[in-house]
Structures are given as C-alpha cells and as structure tokens.
Amino acid sequence: MKKGIYLLAVFFLSCVWTGCSKKTKPVDSHIAAIQEQAESQKNLLKSLDKMASDADKALSEGRIAESAHREIMEFVRAERERVNDNLAGLKAAEEEARAHQNGKGKKQAAAHADVVAKADQAVARSKEEVRILERKTEVVIDFLGNVTYSKSEIGALFAPGEYNLIPEQLTEGERLFTPIVEKMFVFAEKYKDSFNRLKGEIIVSGHSDATPINRGSRLYRDLNRRIEAEEGKGAAPDNGKLNLYLSRLRAQAVRDLLQQIVEKQQQARPGLKLPVEISAVGRGEELPVGLPEHVAANDHRRRIVAFYWVVLPGLSEQ
C-alpha cells in the first residue's frame, strides 16, 4: 500500500514537473528571442551614432551639402527615438514573460498563450524595424562614402564678365558635368528595387572673386538694374552685392545646363524613377570650400561654380 502511494506521488510530481517544463521551455525560448532582438536594437543605436559622426565629418570637409546633413541628422534623431521605444517594448515583453515563468502577477501574469503571443509580436515587430532601418542605414552610409561635391572654375565656362553660356561653353559644360550627374544616377540604380521612393537633389553654388566691377561697364549697369528690380532703387550697390548677383546668375546658368543633363539621364533609364530637384545659390565673395582665408581678392580659385548631389530614400517614411 505504502509502495503504491509512493509510486502515485512520484507519478503526480512527474506530471507536474513535465507540465511545468512544457510551459517553461517555450517561455525560455521566447525570452532568449527577445534578448537577441534587444541586442540588435542596441547595435542599431551604435550604427546611428556612427552615421551622425560621419555626417558631421562630411559636412566639415565640404563633401555634402548642409541640406543633406540636416536630413540625415533628423533621420538619426527620429530613429534613435524609435529604437528606444522598441527597446522599451522588448523590455516590457521580457518582464511579463519572466513574471509568468515565475508564477507572479495577476493570475500568473497572464494566460500562457497570451504571454507567448505578446512575446512573438514584440520580436516580429523588432525584426521588421531592424530590417527597414538597416536598409536605410546602408544607403546613407554608402552616400556618405561617395564624392558628392564637384567644382569647375568660371574661366572654363564663362567669358570674363559674362553669366550666359554660349553654345561652345554649353558643350564644354556638358562634357564636364555629365560624368558627375551620371554617377548620381548609377548610385540610385543600386537601390531602385529596395525603396518605394528615391529622391535626388543638386545644389549649385556660384562663387566670385572680390575684384571690383567697373561702374561704367555694361555688366555693372545690367547687375544694377537687376538689383533695383528686386530690392528697389537706393544707394549704388557695393561691390559685394554686385558680385553676389553675378555669382547667382552664373549658378542659374549652370543649373539650367544640369537640368538638361538630368533629363537625358532620366530618358536613358526608363526603369529608374528618380525625381531630381536642382537649386541655384549665389555665394558672391564667400570663399569656396577648402580655400584658406588669406587668398588674394582676385585669386582664380575663388571664381568657381560648385555643386553637390544628393540621393537618399524617403528617410522619414517606413
């Protein structure tokens, strides 16, 4: 009789242990999956920190435009918040799973199936977030590793005192700029199947030297008329204002040429949908990137048209 009671007790305890094991084992595996995803999210934070550092360095070296830097830094800020939210969600799911495993909380934290389902949801959501962010991070890091800044001296494009491109200069400008624009489209081709939308941007900056413009010249009269049309009549414009307008007009001429080159590239790649926005900015006597402050007022290296290209996915989109 005692032996039978002993065997029954052993059988009962064995059933209880087996039942608990069957319940505990899947919870253990889900906790491990949650912890694995938490590590992935922490690695994303490290990648975002590096991306921000690389973007700062690229801006300081003049390799990317300020607009691209702002967009990347806003992306980093928003994704850091998203990652931290994901980490908080994973932590909550792990705590609930552990509470259930230890038999704590309201009715053992929750029904076993509910705990497992919540853990599955947290892991699946984290995996998808990681997948999306890793793809966007890849294209941004690739972009930061490319040479996206180019410049040409004014003398190679414009006659002295001119801001319009004659046919011969248009031909030379197309020869100079086509390989650079083509590089932008080749970059976009790499990622055309990875994103619903890519966008391109070119920013053209015109720079002048600080040489005075002769007040009796045709160029002076032309620029003065333009200044009066935009700002109203007043005191005679100083040389800085005149050179600012001249640099802007030259940048606009290059912008128009680049628009033609971009359209040719778009027509040659019907399978690539890459809208490109081109803007022109006059920098006047402001020194171009890389020139020391002590350069002479008439240094030819100041007389340039420069442009940055940008290709990024919709960083604010999922």
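The values are calculated or read from the model by the stated rules, or taken from the named source; none is laboratory data. Only a predicted model underlies this, so the values are computations on that prediction, with no experimental measurement involved. Backbone-built Cβ (ideal geometry, glycine too); neighbour counts: all protein chains shown. For accessibility, only protein heavy atoms count, side chains too; no ligands or nucleic acids. Shrake-Rupley method; radii C 1.70, N 1.55, O 1.52, S 1.80 Å.
Brief remarks follow.
- Förster radius 51 Å - calculated FRET efficiency between LYS42 and ASN164, Cβ distance, rounded to 0.05: 0.35
- Magnitude of the charge dipole for region 43-168, about its Cα centre and with charges confined to Cβ atoms of Lys, Arg (+1) and Asp, Glu (-1), is about 940 debye.
- Extension gain (nm, one decimal) between GLU66 and ALA78, 0.36 nm per residue minus Cα-Cα: 2.5 nm
- Protein accessible area in the chain, 1.4 Å probe - carbon and sulfur %: 53
- Region 108-201 - accessible surface per residue (Å², probe 1.4 Å): 52
- Plainly put, region 240-318 has a radius of gyration that is 1.10 times its Kirkwood radius, both from alpha-carbon atoms, as the Rg/Rh ratio.
- Averaged over its residues, region 205-282 has an accessible area of 52 Å² per residue, based on protein heavy atoms and a 1.4 Å probe.
- Only the Cβ atoms of Lys and Arg (+1) and of Asp and Glu (-1) were treated as charged; on that basis the dipole of region 102-211 about its Cα centre amounts to roughly 1300 debye.
- The simple spin-label model puts a point 7 Å past each Cα toward its Cβ; for GLN35 and GLN260 those points are separated by 6.6 nm.
- Descending principal axes extents, the chain, alpha-carbon based, whole Å: 125, 42, 34
- Which listed pairs, of LYS42/LYS199; LYS42/LYS192; LYS50/LYS127; LYS57/LYS192, have C-alpha distances above 24 Å, in listed order: LYS42/LYS199; LYS42/LYS192; LYS57/LYS192
- Cα convex hull of region 120-240, projected area averaged across orientations, nm²: 12.8
- Chain lengthening between ALA99 and GLU134 when straightened (0.36 nm per residue, less Cα-Cα): 9.4 nm
- For the chain, the antiparallel share of DSSP beta bridges with both residues in that region comes to about 65%.
- Using alpha-carbon coordinates, inclination of helix 167-191 to the longest axis of the chain, degrees: 0
- Mean residue ellipticity, 222 nm, helices only, the chain: the sum of -39500 (n - 2.57) across DSSP H runs of n ≥ 4, divided by residue count and rounded to 500, is -22500 deg cm²/dmol.
- Were the residues from GLU231 through VAL289 laid out at 0.36 nm apart, the gain over their Cα-Cα distance would be 18.0 nm.
- Each 10 Å bin from 0 upward holds the following percent of the Cα-Cα pairs of region 176-318: 11, 32, 27, 19, 10, 1.
- With the convex hull drawn around the C-alpha atoms of region 31-124, the volume per residue stands at 84 Å³.
- Taking the Cα centre of the chain as reference, the dipole from Cβ charges on Lys and Arg (+1) and Asp and Glu (-1) amounts to some 1400 debye.
- In the chain, the longest principal axis of the Cα atoms and the axis of helix 218-231 are about 50 degrees apart.
- Region 202-293: trypsin sites (Lys or Arg not before Pro) falling in loop per DSSP and having at most 15 other Cβ within 10 Å: ARG215, LYS233, LYS273
- The GluC sites (Glu not before Pro) of region 278-309 that meet both conditions, a loop assignment by DSSP and at most 13 other Cβ atoms within 10 Å of the site Cβ, are GLU293.
- Simple spin-label estimate for LYS91 and LYS192 in nanometres, 7 Å along Cα-Cβ: 4.5
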